[in-house]
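A short worksheet on the structure shown next.
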Amino acid sequence: MCGRCDQTCPVGIDITGIRQIKRNELKSGLREDFSYIKNQDVHKADVIYFAGCMSHLTPSIKKSVVQAFRKSGVRFWFMDEKESICCGRPMLLAGKKEEARILMAKNKVLIEQSQAKALVTNCPICYKMFRETYKLEIPVYHHSQYFAGLLDNNLLEIEKKNVRAVYHDPCELGRGSNVYKEPRKVLGKALNLVPVSQEKENALCCGGSLGNLGITTEQRNKITRDACEILLKDKPDMLVTSCPLCKKTFQKFSNVPVYDIAEIVNNSLGMIQPGLSVLGNHIKTQKQKQINEKPSVILD
């Protein structure tokens, strides 16, 4: 369910919505058990970091986010560091709406108990879920947006390297959430970004979508190979994306290294401004008014 068919349908049919309705009709009768969540340790923090299931399968991404947060003075709680807490999106895609509702309610209690002022995730699927479905009282940010806010307010400094890279727009972050500017802003400060022919709303799916259950493995692999062919046409030094699933998928067929934007940021960090700490929606410095006028910045 990458959303590209919705984007290009000449008569505007909601194909993704139709597929979801059919899945709701075919849901499994098995019921999930979420009793383990009530034993989760909750830490008071200014920012919640939620890595997401796929990030635990790509540990270099979550490690880079944590290291970048620490370097920039972010006081955070790694919500799903130890327990297998899911945002609930896979259940919704599988038609298990009631099970997803129960899981989301338990997650929401943990978020509220932490008294955090913002939630940051590096998974576009989790980002879309927390921002649109959970109806939280705090802002939700993709890590590319968060890093862009830190850079805009001089809370960290990135050292630019003479490297040519292409950026792949993840389906859920791009077409799904209209986040195109911030990843490019961050990467533009770290390396030389090379444009590609199919990008932004026309970006190709990586082939690893959790919704691609109706096609064969070979068909999925062909989607990945075709995307790699277009992305790597101008022979960049690396391929960068901002989705753990996209990174894991591209790594199988890319002939250049594949990185997440968090890894680029963490490896490019230079001097960090002392005395500034990230809290929530505002910052107690001389830039108070300027920052309050930028809702994407979550600094204190």
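Numbers at a glance
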| read-out | value |
| --- | --- |
| Looking only at segment 115-150, and only at residues there that are assigned to a helix (DSSP H, G or I) and in contact with a helix residue (DSSP H, G or I) (Cβ under 6 Å, 6 or more places away or on another chain), the one that is farthest from Val240 (Cα to Cα) | Met129 |
| Candidates Ile85, Ile37, Ile15, filtered to the one that is closer than 26 Å to Lys248 by Cα, at pLDDT below 90 and surrounded by 13 or more Cβ atoms within 10 Å (Cβ to Cβ) | Ile85 |
| Options Thr224, Thr249; residue that is hydroxyl-bearing (Ser, Thr, Tyr) and closer than 19 Å to Thr121 by Cβ | Thr249 |
| Count of segment 115-139 residues which are crowded, with 22+ Cβ neighbours inside 10 Å and closer than 16 Å to Ser55 by Cβ | 11 |
| Total residues in segment 215-239, condition in a loop (DSSP other than H, G, I, E, B) and either in contact with a helix residue (DSSP H, G or I) (Cβ under 6 Å, 6 or more places away or on another chain) or surrounded by 17 or more Cβ atoms within 10 Å (Cβ to Cβ) (or both) | 2 |
| Candidate set from segment 156-170 (those that are buried (at least 21 other Cβ atoms within 10 Å of the Cβ) and in a loop (DSSP other than H, G, I, E, B)); member that is nearest to the chain's Cα centre (by Cα) | Pro170 |
| Pairs, first over 10 Å from Pro244 (Cβ atoms) in segment 55-72, second outside any helix (DSSP H, G or I), C-beta under 6 Å, six or more apart | Val65/Asn122; Phe69/Phe76; Lys71/Leu269; Lys71/Ile272; Ser72/Leu155; Ser72/Leu156; Ser72/Ile272 |
| Residue tally, condition among the β-branched types (Val, Ile, Thr) and out of contact with any helix residue (DSSP H, G or I) (no Cβ under 8 Å at 6 or more places or on another chain), over segment 176-214 | 1 |
| Answer residue from segment 228-250, given it is β-branched (Val, Ile, Thr) and under 20 Å from the mean Cα position of the chain (by Cα) and is farthest from His142 (Cα to Cα) among those | Thr249 |
| Residue pairs meeting the criteria (Cβ under 8 Å; at least 6 apart or on separate chains; first over 10 Å from Thr249 (Cα atoms), in segment 214-233; second β-branched (Val, Ile, Thr)) | Ile230/Val196; Leu231/Val166; Leu231/Val196; Leu232/Val166; Leu232/Val256; Lys233/Val196 |
| Options Tyr146, Tyr180; residue that is assigned by TED's automatic domain parsing to the domain that holds Arg70 and of a type outside the set (Gly, Ala, Ser) | Tyr146 |
| Those residues of segment 173-212 which are among the hydrophobic types (A, V, I, L, M, F, W, C) and touching a Lys or Arg at 6+ places or on another chain (Cβ under 9 Å), in sequence order | Leu173, Ala190, Leu191, Leu193, Val194, Val196, Ala203, Leu204, Cys205, Cys206, Leu210 |
| Given (1) closer than 30 Å to Ile18 by Cβ; (2) touching a residue at least 60 places away in the same chain (Cβ under 8 Å); (3) not charged (D, E, K, R), number of the condition His143 does not satisfy | (1) |
| Unmet criterion (only one of (1) surrounded by fewer than 22 Cβ atoms within 10 Å (Cβ to Cβ); (2) farther than 13 Å from Val166 by Cβ; (3) in contact with an Asp or Glu (Cβ under 7 Å, 6 or more places away or on another chain)) for Val256 | (2) |
| Flag for Arg70 being at pLDDT 95 or above, surrounded by fewer than 24 Cβ atoms within 10 Å (Cβ to Cβ) and either of a type in the set (Lys, Arg) or under 14 Å from the mean Cα position of the chain (by Cα) (or both) | no |
| Meets criteria (part of a helix (DSSP H, G or I) and at pLDDT below 80) for Arg23 | yes |
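The values are calculated or read from the model by the stated rules, or taken from the named source; none is laboratory data. As the structure is a computational prediction, the values presented were derived from the model and not from experiment. Every residue, glycine as well, gets a Cβ built from its backbone with ideal geometry; the counts of neighbours run over all protein chains shown.
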